[in-house]
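Written below as structure tokens is the structure these notes are about.
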Amino acid sequence: MLPLGAIREFREAKPDIAMGVGLSRGENPPEIFCEGPLWSGDEEQVGQDARWHIGSITKSMTSTLVMQQVDRGNLDLARPVGEYLANVDEVHLGWRAITLLQVLSHTGGLAANPPFCQFRKWRDLGSAIGRRRVLEEAWRKPPKFRTGTHRYSNLGYMLAGLVLEDVLKMPWEDILLQHIAKPLGLTSLGFGAPTGQSDPKGHQKRFFRLRPMWRTDVASDNPRWLGPAGTIHMSMKDMLAYGRAHLNALRGAHPEFLSQDSSMRMQTPVSQNYALGWVIEKDIVWHNGSNTMWYALLMIDPESDTVFAATQNAMMRTQKIDALARRTLRAARGS
């Protein structure tokens, strides 16, 4: 069960911030708690169907898309990405040799992000066009680091998205909607900061104060071309359903979504405790995410058959949220 007393006490310590928490255990109906103002100072409260920005939890979805194509024989983790890229010029040999396994496990030696100047110069470019433009600039030079060592890379997940686009001949967003959102019934899933009138707004901290990011503000999220690394939003209900799909796939109970072999591959650490789009820690499968204006956490515990999710429309008290999640999962194991 959700520890509602602890959750309310935690949220009321920062009453201007909205929070969502969810728990799915076994065959029981999911438990969902969403409470707080749409933005700091607003009187309207979030609803149970509010949509939240999930940041880098998106990486697990991009990895899932790759593994689905591995299941179909269209991709091979051991093959270099250069074999899959279409219509590319001047790709450095170091980039061509990086494998999909290295891309998804952050061991391909790529920089964490594109240069900051590109975030400003090309912010308004469309998703697929901008992604290719940024990568074309990057891959003219050798990878920044040696391969084999874990170095977290949003740029690498942009590359994974481009590989999917070149192989399947459609934008990454459409691939995700067709192969994850639609089959799982994730009707709330969208891209960028949520824009519905009943959705919470993210907050940016400036001069020790929280500033709501308005829906029309271009800075309310990262550029669209960063999508495969972290621009998805969705409801708490759909976050739990997505986590449940991975839990079922791990048991071989959802092969039409993902094979058991691919699910196990995704949850096998490659370097340190990072696998393929998931972090593995003491048999807990998880990822968190933030565009600096939101925070989200998704945890899957195969032992207790439990999925836990938490979201907040501000980047603050993240370690306490993580601790709350772990306490909840420990309680689920003990009950």
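Just so it is clear, none of the values below were taken in a lab; they were calculated from the coordinates. Values in this document were obtained by computation on a predicted structure and should not be read as measured data. Here the Cβ positions follow ideal geometry from the backbone for every residue, glycine too, while neighbour counts run over all protein chains shown.
Worth a mention:
- Listed by chain and number, the lysines whose C-alpha is less than 28 Å from the C-alpha of residue 121, apart from same-chain residues fewer than 8 away, are 59, 141, 144, 169, 201, 205.
- Each Cα pair under 8 Å and six or more residues apart adds its sequence gap; the mean of these over the residue count of the stretch 61-170 is a relative contact order of 37 percent.
- Ordering 254, 246 from the fewest to the most neighbouring beta carbons within 10 Å gives 254, 246.
- Distance between the pseudo-spin-label points of residue 8 and residue 91 (7 Å out from Cα toward the beta carbon): 5.6 nm.
- Using the alpha-carbon positions of the stretch 1-159, Rg (one decimal) and Dmax (whole number) come out as 20.8, 58 Å.
- For 104, 186, 298, order by how many other beta-carbon atoms lie within 10 Å, fewest first: 186, 298, 104
- Global form of the stretch 149-210, assessed from the alpha-carbon gyration tensor, a/c cut-off 1.5: oblate
- Counting only alpha carbon atoms, the long axis of helix 236-250 and the longest principal axis of the chain meet at about 60°.
- For the stretch 274-335 and the stretch 22-64, distance of Cα centres in Å: 13 Å
- Note on the chain: helix-only mean residue ellipticity at 222 nm, from DSSP H runs of 4+ residues weighted -39500 (n - 2.57) and normalised by residue number, equals -9500 deg cm²/dmol.
- Neighbour counting of Cβ atoms within 10 Å sorts the residues 21, 91, fewest neighbours leading, into 91, 21.
- Within the chain, the ratio Rg/Rh, alpha carbon atoms throughout and Rh by Kirkwood, equals 0.96.
- Dipole magnitude for the chain: about 1040 debye, using +1 per Lys or Arg Cβ and -1 per Asp or Glu Cβ, origin at the Cα centre.
- Against the chain, whose longest principal axis comes from its Cα atoms, helix 58-71 is set at around 50 degrees.
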